[in-house]
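The structure appears right after this line, and notes come after that.
Every read-out reported here was derived from the displayed coordinates using simple, explicitly stated rules and does not represent laboratory data. Predicted model only: the values in this text are computed from it and were never measured. Reconstructed Cβ throughout: ideal geometry from the backbone, glycine too, with neighbour counts over all protein chains shown.
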């Protein structure tokens with residue numbers, strides 16, 4: 001094991017104001033014993049844990065941190081040391097290391113609900129994933145291999161529910177020359193342990209199995225679509241927040257599939273996917289693309305100009321013009337995937353839920369974004385951070401701008417250059433400052449922007465945080481709103 005984590009130790013108290021956000025980072029400083037601290041900001045409380053090397057010559061600087069959706073704890077991951085989960089609510093630990101599954105692939109992921117840690121396997125000979133439940137005291141890793149594929153040697157993909165301890169295993173094919181995954185064969189649903197689940201059974205519980213074949217859509221051919229950037233329904237495949245249905249793009253144009261694993265026929269087997277036609281007038285260039293399944297009966301779609309909310313059971317469709325094009329609009333999931341906030345680069349905000357589509361704020365502001373926009377857990381607030389003007393040319397230009405968007409409109413705060421870490425359901429945001437004239441990534445101080453608009457520094461970030469690398473980016477913090 002690369003590192004052991006010492007008992008939690010309180011550090012200097014962090015005074016109000018606070019944001020209901022969990023953020024973790026690693027100190028750059030290393031003591032004489034080779035140990036360094038993982039620092040924790042937890043809704044205003046400051047704590048730390050000690051990271052110690054337990055393998056001679058190992059490098060604890062190659063450790064990556066991760067906070068799951070909803071907070072509750074964090075993961076410390078390394079290639080040699082496996083994946084260690086620290087639960088800050090229950091006080092429990094869990095670890096994925098060596099096991100019957102063989103060598104693990106690099107990096108890790110959380111389920112969309114934040115109730116499990118996922119590690120893929122290094123070998124493609126037997127596709128699978130190791131799943132460790134973390135919303136329970138029993139964090140025993142589980143080996144999900146999936147059922148026999150329809151096509152020999154096919155790959156697999158795991159898609160998790162955003163508000164339930166449910167995962168889907170899907171057989172995947174990549175069509176030649178396109179390079180876009182699609183579901184092509186066996187599809188199965190499983191429930192894994194969670195304290196919110198009343199089912200007393202442990203381990204992975206099969207919920208049903210079927211076959212589904214979705215269509216690959218080349219997003220580069222549709223630059224005005226939002227889905228090409230969101231990835232929420234990649235491979236033409238969505239899972240509902242409760243995990244009770246999977247919805248996919250059918251091979252035939254203008255048609256969806258919906259599969260409910262709990263629906264069984266007289267033979268006891270899961271019924272096959274149901275075909276659902278999209279509205280008349282749908283064509284090759286005008287076909288709405290699937291963005292999200294808000295529940296088993298409602299899906300969100302878009303074309304080049306409009307958003308659509310479809311009631312699949314009633315056959316009712318509503319539409320709303322976009323306030324931005326797909327290239328500059330980001331879709332943010334909230335309320336366990338039941339709400340989608342769609343925020344344009346200008347700060348214009350649209351929202352979709354099962355009750356309809358609405359424009360939350362049509363106000364606009366010039367924003368060269370710094371980092372992705374963030375949403376509060378319930379979806380009532382969106383936070384954006386922007387670069388200011390060129391201070392070397394325009395002495396009156398701000399160093400940075402923070403935009404906070406809600407039903408109250410768009411609020412703009414000019415001043416220090418900031419990056420967002422999280423925003424809670426009260427509108428309180430956690431951010432860190434950086435020097436735009438130096439290294440823009442290096443943090444300088446941690447701040448809370450209160451709902452009232454007051455900005456206060458809550459941590460000097462001394463010792464300096466150390467950057468850690470994932471497969472896609474260099475980060476100094478991992479954070480999530482509670």
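With a simple spin-label model that places each label point 7 Å from the Cα along the Cα-to-Cβ direction, the separation between residue 148 and residue 255 comes to 2.8 nm.
Taking 0.36 nm per residue of separation and subtracting the Cα-Cα distance, full extension of the segment from residue 196 to residue 365 would add 56.7 nm. Placing a label point 7 Å from the Cα of residue 211 along the Cα-to-Cβ direction, the residues of the range 147-161 whose backbone N falls under 12 Å from that point are 149-152. Note on residue 457 and residue 474: the extension gain reaches 3.7 nm, defined as 0.36 nm multiplied by sequence separation minus the Cα-Cα distance. Between residue 327 and residue 425, the modelled labels are 3.8 nm apart [label points 7 Å from Cα along Cα→Cβ]. Annotation for residue 90 and residue 437: the two label points, set 7 Å from Cα along the Cα-Cβ direction, are 5.1 nm apart. Under 15 Å from a label point set 7 Å out along the Cα-to-Cβ vector of residue 408, the amide N atoms of the range 370-384 belong to 376, 380-384.
Is the shape of the chain best called rounded, prolate or oblate, per the rule: a/c under 1.5 gives rounded, else a/b larger than b/c gives prolate, else oblate, with a ≥ b ≥ c the square roots of the Cα gyration tensor eigenvalues? Judged from the Cα gyration tensor, the chain comes out oblate (a/c at least 1.5, b/c at or above a/b). Rounded to the nearest 0.05, what FRET efficiency do residue 35 and residue 62 give with R0 = 22 Å and r taken as the Cβ-Cβ distance? Could you check? Once the sixth-power term is evaluated, E becomes 0.90. Ranked for footprinting exposure by Cβ neighbours inside 10 Å, fewest first, 350, 418 give 350, 418. Taking each residue as 0.36 nm, the span from residue 218 to residue 286 lengthens on full extension beyond its C-alpha to C-alpha distance by 23.1 nm. As a rough footprinting exposure proxy, the listed residues 169, 317 were ranked by other beta carbons within 10 Å of their own, and the order from fewest upward is 317, 169.
Taking other C-beta atoms within 10 angstrom as a stand-in for reagent exposure, 414, 181, 295 fall in the order 414, 295, 181, fewest first.
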